[in-house]
Amino acid sequence: MVSPDPNSTNFAYDSKIEGNVTFTQLDAAINWMRKNSLWPMPMGLACCAIELMATASSRYDISRFGAEVMRFSPRQADVMIVAGTVTYKMALAVKRVWDQMPEPKWCIAMGACASSGGMYRSYATLQGIDKLIPVDVYISGCPPRPEALIEGLMKLQDKIDKEESTMDLKRMPEPEQV
Amino acid sequence: MSQFVAKLESAFGEKILGKKEFRGEHTVLVELSALHDVMVHCKEQLGFDFLVDICSVDHESVHPRFEMVYELASVDDSQHLRVKAPVAEDEDVQSVVDIWKTADWHEREVYDMMGIKFTDHPNLKRILMWEGYPYHPLRKEFPLAGKPTEMPDVAFTGVAPMEGGPFVTSSTATDTVAREPRAKGES
């Protein structure tokens, strides 16, 4: 699309400059790339993991949202989907996997158990994964339907879209100590 | 009366403390000191080749406090027998791993959850909770919400908010809404 006014600032794409060049903000570009290639770390701990698998497979197909690449190595993952009951025995292992994930990273608490302990109000169950790691999106349900997980993923995409990804780059360097 | 109960009574006499039949299921109560011999007899003489389950009961205020429960079955002719033995708080139970190998994990669970120790067990350590966890959670005095513990780099536990719980369901309620588990006194 060629902007009618050459002095206008709102033109985005000028085919006269080059066929495949788009002007945008750096933040918007980075966020667009991040939100459309969210590689999940499937932390499947209970029955929610079954719904997570259903969401990944062909009927619901989260590859439509760029999130089909389940990485069982935390070092290649962007979003940890905690799907299931977090027992105290498992809790520190979940935390350890989370710590191994590189920034930027996000967390989805999938289902009642991961969000709050769910129906397991007992000595064995951590009362919500947010007691250990920061959670971006909570999904209700026991277990949630695949549609709910997709909705949660889209909510996370909206959230990433509003992030200031270049904030760290803009920060002034520390003054040198004399 | 079950032929097995009769055979056990004739073989062990005084050691059999009681017997019970309920809807075709036979239970014998035996003295703890004779438990292992009874189990050997059940397998070798009576043909109970399958140990279905081991569990334990905490009667709290009763003495002896605990009770071991063994569910025996024979595969070929579908026979069933339940053997119980009272266990005092300071008593150990003779392991039956040498008779049925499957008893290994069952006895570890009883040890983990109830704190009953087994002699001659090949690997008596906790199976569900971690080594170093200080409590036995299925004992009656242990609160459902749990107690706080801390083992750095291994595990920790906290206290679950009960919010008026524990939550119980009413089995006599007519519809599913009324059957929803809820705290006592809460409608």
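The values are calculated or read from the model by the stated rules, or taken from the named source; none is laboratory data. The structure displayed is predicted, hence computed values, not measured ones. In this analysis, Cβ positions are derived from the backbone assuming ideal geometry, glycine residues included, and neighbour counts consider all displayed protein chains.
With A:L26, A:L38, A:L52, A:L45 as the choices, which residue is touching a residue at least 40 places away in the same chain (Cβ under 8 Å) and surrounded by fewer than 21 Cβ atoms within 10 Å (Cβ to Cβ)?
On the way: A:L38 fails: surrounded by fewer than 21 Cβ atoms within 10 Å (Cβ to Cβ); A:L52 fails: surrounded by fewer than 21 Cβ atoms within 10 Å (Cβ to Cβ); A:L45 fails: surrounded by fewer than 21 Cβ atoms within 10 Å (Cβ to Cβ).
Within the list A:L26, A:L38, A:L52, A:L45, the selection yields A:L26.
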Please work out which residue is farthest from the other protein chains (Cβ to nearest Cβ), limiting yourself to the stretch B:141-165 and to residues that are assigned to a loop (DSSP other than H, G, I, E, B) and in contact with a Ser or Thr (Cβ under 9 Å, 6 or more places away or on another chain).
B:P148
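Which of the following residues is among the β-branched types (V, I, T) and either in a loop (DSSP other than H, G, I, E, B) or touching a residue at least 60 places away in the same chain (Cβ under 8 Å) (or both): B:V62, B:V52?
Values: B:V52 fails: either in a loop (DSSP other than H, G, I, E, B) or touching a residue at least 60 places away in the same chain (Cβ under 8 Å) (or both).
Just a single option satisfies the conditions, and that option is B:V62.
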Selected residue [outside any strand (DSSP E or B) and either assigned by TED's automatic domain parsing to the domain that holds B:K117 or surrounded by fewer than 15 Cβ atoms within 10 Å (Cβ to Cβ) (or both)] from B:L81, B:L46
B:L46
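Answer with yes or no whether B:V154 is surrounded by 11 or more Cβ atoms within 10 Å (Cβ to Cβ) and in contact (Cβ under 8 Å) with a residue 24 or more places away in the chain.
Working: surrounded by 11 or more Cβ atoms within 10 Å (Cβ to Cβ): yes; in contact (Cβ under 8 Å) with a residue 24 or more places away in the chain: yes.
The answer is yes for B:V154.
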Scan (1) within 28 Å of B:E150 (Cβ to Cβ); (2) touching a residue at least 60 places away in the same chain (Cβ under 8 Å); (3) away from chain B (no Cβ under 14 Å) for the single condition A:C113 breaks and write down its number.
(3)
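Give the residue, chosen from B:M113, B:M129, that is within 11 Å of chain A (Cβ to nearest Cβ) and touching a Leu at 6+ places or on another chain (Cβ under 6 Å).
Working: B:M129 fails: touching a Leu at 6+ places or on another chain (Cβ under 6 Å).
The conditions single out B:M113.
Can you tell which of A:I133, A:I108, A:I129 is at negative phi and in contact with an Asp or Glu (Cβ under 7 Å, 6 or more places away or on another chain)? Break it down into steps so the answer makes sense when it comes.
Working: A:I133 fails: in contact with an Asp or Glu (Cβ under 7 Å, 6 or more places away or on another chain); A:I129 fails: in contact with an Asp or Glu (Cβ under 7 Å, 6 or more places away or on another chain).
A:I108 is the lone residue from the list that is at negative phi and in contact with an Asp or Glu (Cβ under 7 Å, 6 or more places away or on another chain).
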Answer with yes or no whether A:S58 is farther than 27 Å from A:I129 by Cα, loosely packed, with under 15 Cβ neighbours inside 10 Å and at pLDDT below 75.
no
Taking the conditions exactly as written (more than 27 Å from A:A28 (Cα to Cα) and either crowded, with 19+ Cβ neighbours inside 10 Å or of a type in the set (K, R) (or both)), does A:L126 satisfy them or not?
yes
Are there any pairs, at least 6 apart or on different chains, whose C-beta atoms fall under 8 Å, with the first in the stretch B:2-20 and in contact (Cβ under 8 Å) with a residue 60 or more places away in the chain and the second part of a strand (DSSP E or B) and of a type in the set (D, E), and if so, which?
B:S2/B:E21
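What do you reckon, is B:T174 modelled with pLDDT under 95, in contact with a helix residue (DSSP H, G or I) (Cβ under 9 Å, 6 or more places away or on another chain), at negative phi and not assigned by TED's automatic domain parsing to the domain that holds B:K43?
For B:T174, the condition - modelled with pLDDT under 95, in contact with a helix residue (DSSP H, G or I) (Cβ under 9 Å, 6 or more places away or on another chain), at negative phi and not assigned by TED's automatic domain parsing to the domain that holds B:K43 - is not met.
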